[in-house]
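The block underneath contains the structure these notes are about, expressed in structure tokens.
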Amino acid sequence: VLTHDGTDFDWAAAGGGITMCDSVIKSSTQAISANTITVVTGYANMGSVDGSGSIGSALTESSGVFTFPETGYYYIDYAFQCYNSGGSANDIAGVYLYTTIDNSTYTDACDPGTFFVDANDHFTIASSFIFDVTDTANRKFRFAGYSADTAMTVAGDGNRLRSGFNVIRLGDT
């Protein structure tokens, strides 16, 4: 940024920029029973994966529920690799993003889904969401898996991203 103090011009770094980003992976596979909405759990920070990085304070997690380190607008970008583990075709399955603004009632904010055509189908569910976090005690998020007619598995691996997400703080709320 170029500024002028009345006598001369000065260059200064522009304000703002990304102050927080965090990458989280699902560290192990998880079975999702048929016709049951199940909170996805078992995460690890991706910092142990070669070349991964983060900025600022990390998210905190308890039983699959994530809390933000500070208020702001956050971009959540996720992808979950899943496969049919029930052995038959299915009509719909997915991993959905649920948010809360009161630390109690979770609503389905993103629900991308797909369907199994064959018994051994694999698929990836991906979506993104911008969350206005005005209160870190009450505004949180979690992911939940659902498969209508047959069991499915959400893939995980502690050494690479098979399922997981990135969160980037975009700016102040």
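The values are calculated or read from the model by the stated rules, or taken from the named source; none is laboratory data. These numbers were taken from a predicted model, which means no experiment stands behind them. All Cβ positions, glycine included, derive from the backbone under ideal geometry; neighbour counts span all protein chains shown. Protein only, heavy atoms only, side chains kept; ligands, DNA and RNA dropped before computing areas. Shrake-Rupley method; radii C 1.70, N 1.55, O 1.52, S 1.80 Å.
The residues of the stretch 116-137 that are modelled with pLDDT of 85 or more and more than 17 Å from residue 81 (Cβ to Cβ), listed by number, are 129, 130, 131, 132, 133, 134, 135, 136, 137. The single condition among (1) under 14 Å from residue 82 (Cβ atoms); (2) not in a strand (DSSP E or B) that residue 164 does not meet is (2). Annotation: of all residues in the stretch 132-150 being open to solvent by 10 Å² or more (accessible area, probe 1.4 Å) and in a strand (DSSP E or B), the one that is farthest from residue 109 (Cα to Cα) is 146. The residue of the stretch 152-173 that is farthest from the chain's Cα centre (by Cα), among those that are more than 16 Å from residue 54 (Cα to Cα) and buried (at least 19 other Cβ atoms within 10 Å of the Cβ), is 152.
If you go through the stretch 31-46 and pick out every residue that is part of a strand (DSSP E or B) and open to solvent by less than 70 Å² (accessible area, probe 1.4 Å), you end up with 5.
Taking each residue of the stretch 69-81 that is touching a residue at least 12 places away in the same chain (Cβ under 8 Å) and open to solvent by less than 30 Å² (accessible area, probe 1.4 Å) and looking for partners that are outside any strand (DSSP E or B) and not aromatic (Phe, Trp, Tyr) with beta-carbon atoms closer than 6 Å, six or more apart or interchain, yields 72/172; 72/173. The number of residues in the stretch 4-30 that are more than 21 Å from residue 160 (Cβ to Cβ) and either assigned to a loop (DSSP other than H, G, I, E, B) or modelled with pLDDT of 90 or more (or both) comes to 13. When residue 127 is tested against (1) open to solvent by 30 Å² or more (accessible area, probe 1.4 Å); (2) within 19 Å of residue 66 (Cβ to Cβ); (3) in a loop (DSSP other than H, G, I, E, B), only condition (3) is not met.
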